[in-house]
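**Q** Below is the structure I would like to discuss, written out as structure tokens.
Every read-out reported here was derived from the displayed coordinates using simple, explicitly stated rules and does not represent laboratory data. These numbers were taken from a predicted model, which means no experiment stands behind them. Backbone-built Cβ (ideal geometry, glycine too); neighbour counts: all protein chains shown.
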Amino acid sequence: MGVISDGRKALNLLGEAIANRRARADLAHRLAALTPLTPGHFKIAVYFADGKVNMYQMRQWYQPLAGLAKKWPVVVLTRTATAAAQLLEESPLDVAYVRTVRELEDTLEEQDIRIVFYVNQNAKNFQMFRYGRRWHVFINHGESDKMYMTTNQFKSYDYAFIAGDAARERLTQALWDYDLDRRTFAIGRPQADHFAGRLPFVPDERTVVLYAPTWEGDRASAAYGSIATHGVTLVKNLLGTGQHRVIYRPHPRSGVMDHAYAQANREIISMIQHANHADPQAKHVYDQGIELGWQLAASDVAIVDISAMIYDRLAVGKPVLVTRPVNPAAEIDAGGYLQECEWLTAEGAARIVAEVERVRDDAEATARLRRWSRHYFGDTSPGEATARFHAAVDTLMERWDEYAAQEENSAHEASAQGHNTQESA
């Protein structure tokens, strides 16, 4: 089994290499036709060293960063051809393709970058940390109770933007000698102020259920994905009622590590296609779109795995079921919302219709949801998170000015002292 797995990984790596080579060739033509970036224009950079497969981590920041760019110009520094091509096609932000370290250095020398944002923990982030006189800020790609949210890698950054009280509690418990008051800013979920997308159906009497599972994970402790354990059963049952509309939004990486998981994903997609063919009015949705928001707003109930999707749903304050991992090694933080969430076991997936109705009518569950929403995100009133995001950036810009002024004064003093020493001699 290990040999098969290793062979599949090797094929995936080969495929990525070929895709990157082709993308670089295509990208060269596109870049040649673009107007060069204006020197000294950009104050903020988003460093993205991943490929196309992890573009979802960037996409959720498009609109918040586009709003921020009206005051502080933002450029995305991308290191791979596949991501660069995708960003140039869909991003509202300016993009610089910096494949080599030399190209990265040239861009930094040309621009006035004072803050660098990071949306993930890619190993290549370390290549960017070498450049001082700018703030390196971890903004992440979502809020969740995964162990990823308490990694000691937080200390690698000058600052981190976190969601709220729950994040502070997690980091306080996990990190030694880390000054949260100085190095973190609670900004809530600014993406919630930019929920986007048009409904691909006209609302009717059907109960709309969003099923948004995560991928299978690359190790047992992070095996949170439910497609192969819960997904096929629950989707089949919901499709069969004639009273539900399913929105299926799987994680973009679903099936990259596990063949059985990939097969279950294909089975669900096929079931949705057949259900729509049998009943064109059903309008079930297999959602691969880059926009996230309409799904959360339009669904009466959401079914999600342990992932950032739980917390995107919390920000909406509508009923949610969380799939309980089957793998006993999967790490579950029972100290946060998961201690009071509405769990859906693999066995319970067969009773999904009843479970959906139960959480829709449970007033106590709804009250708990709202209480936890505030704990994770603070004030979720429209515009509040965006205001906190902008205020955090303004504070860091002020700190940049302070340190730059101190450095300039020290340089002047050193120069004056050297001049006086020469005169005395």
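**Q** Once you charge only the Cβ atoms, +1 for Lys and Arg and -1 for Asp and Glu, what is the size of the charge dipole of the stretch 273-334 about its Cα centre, to the nearest 20 debye?
**A** It works out to roughly 140 debye.
**Q** Here's something else I'd like to know. Using a Förster distance of 45 angstrom, determine the FRET efficiency expected from the C-beta separation of Ala404 and Arg168, and round it to 0.05.
**A** Values: r = 29 Å, r/R0 = 0.65.
So, using R0 = 45 Å, E works out to roughly 0.95.
**Q** If you don't mind, another one. Please rank Lys70, Lys236, fewest neighbouring Cβ atoms within 10 Å first, as an exposure proxy. Kindly include the intermediate steps, with their values, before the conclusion.
**A** Values: Lys70 9, Lys236 17.
With the sparsest Cβ surroundings first, the list reads Lys70, Lys236.
**Q** Using a simple charge model, +1 on the beta-carbon of Lys and Arg, -1 on the beta-carbon of Asp and Glu, nothing else, what dipole does the chain show about its Cα centre, in debye to the nearest 20?
**A** Rounded to the nearest 20 debye, it is 1000 debye.
**Q** Could you let me know the centre-to-centre spacing of the stretch 389-419 and the stretch 225-304, using Cα atoms, in angstrom?
**A** 53 Å
**Q** Turning to a different aspect of this structure: I want to verify a result. In a Gaussian network model of the chain, Cα cutoff 10 Å, which of these has the top mean-square fluctuation: Trp372, Trp294, Trp72?
**A** In the Gaussian network model the winner is Trp294.
**Q** Show me, for the stretch 394-407, the HN-Hα J-couplings you get by feeding each phi into the Karplus relation (A = 6.51, B = -1.76, C = 1.60, θ = phi - 60°), rounded to Hz, glycine and proline as x.
**A** 4, 4, 5, 5, 5, 5, 4, 4, 4, 5, 5, 5, 4, 5
**Q** Next question, about the same structure. Taking the Cβ of each residue in Leu234, Leu210 as the centre, tally the other Cβ atoms inside 10 Å and list the residues starting with the fewest.
**A** Leu210, Leu234
**Q** Counting pairs of Cα atoms in the chain, how many percent are more than 37 Å apart? It would help to have the intermediate numbers written out before the result.
**A** Numbers: 26638 of 90100 pairs.
Here the long-distance tail beyond 37 Å is 30 percent of all Cα pairs in the chain.
**Q** Sticking with this one: Set the bar at 21 Å for Cα to Cα. Now go through Lys52/Lys124; Lys43/Lys155; Lys70/Lys124; Lys236/Lys318; Lys43/Lys71 and name every pair that lies beyond it.
**A** The pairs that break the limit, which is 21 Å between Cα atoms, are Lys43/Lys155; Lys70/Lys124; Lys236/Lys318.
**Q** Please arrange Val246, Val256 by how many other C-beta atoms lie within 10 Å of their C-beta, fewest to most.
**A** Going from sparsest to densest Cβ surroundings: Val256, Val246.
**Q** Separate question: For a quick check, take a GNM of the chain with Cα springs below 10 Å and name the residue from Ala315, Ala260, Ala85 with the largest mean-square fluctuation.
**A** It is Ala260.
**Q** OK, next. Of Gln243, Gln295, Gln111, which is the most mobile in a GNM of the chain whose springs link Cα atoms less than 10 angstrom apart?
**A** In this elastic network of the chain, the residue with the biggest mean-square fluctuation among Gln243, Gln295, Gln111 is Gln243.
**Q** Looking at the chain, send over the antiparallel percent of its DSSP beta bridges, to the nearest 5.
**A** Around 0 percent antiparallel, to the nearest 5.
**Q** Taking amide H positions as placed in the peptide plane 1.01 Å from N, state which residues far from Gly293 in sequence (5 or more) or on other chains have amide H under 5 Å from it.
**A** Result for Gly293 returns Ala196.
**Q** Ordered by residue, what ³J(HN,Hα) values in Hz, to whole numbers, does the stretch 243-251 give under the Karplus form 6.51 cos²θ - 1.76 cosθ + 1.60, where θ = phi - 60° and Gly and Pro are x?
**A** 10, 10, 10, 9, 10, 9, 10, x, 4
**Q** Continuing with the same structure: What are the ³J(HN,Hα) couplings of the stretch 80-86, residue after residue, when phi is run through the Karplus curve with 6.51, -1.76, 1.60 and θ = phi - 60°? Round to Hz, x for glycine and proline.
**A** For the stretch 80-86, the Karplus curve yields 10, 5, 5, 5, 4, 4, 5 Hz.
**Q** When a/c is below 1.5 the answer is rounded, else prolate if a/b is larger than b/c, else oblate, so apply that to the stretch 286-425 with a ≥ b ≥ c taken from the square roots of the Cα gyration tensor eigenvalues.
**A** In terms of gyration-tensor shape, prolate.
**Q** Still on this model: 5 Å is the cut-off here: which amide hydrogens, built 1.01 Å from N in the peptide plane, fall below it relative to Ala160, excluding neighbours closer than 5 in sequence?
**A** It is Phe138, Thr184, Phe185, by chain and number.
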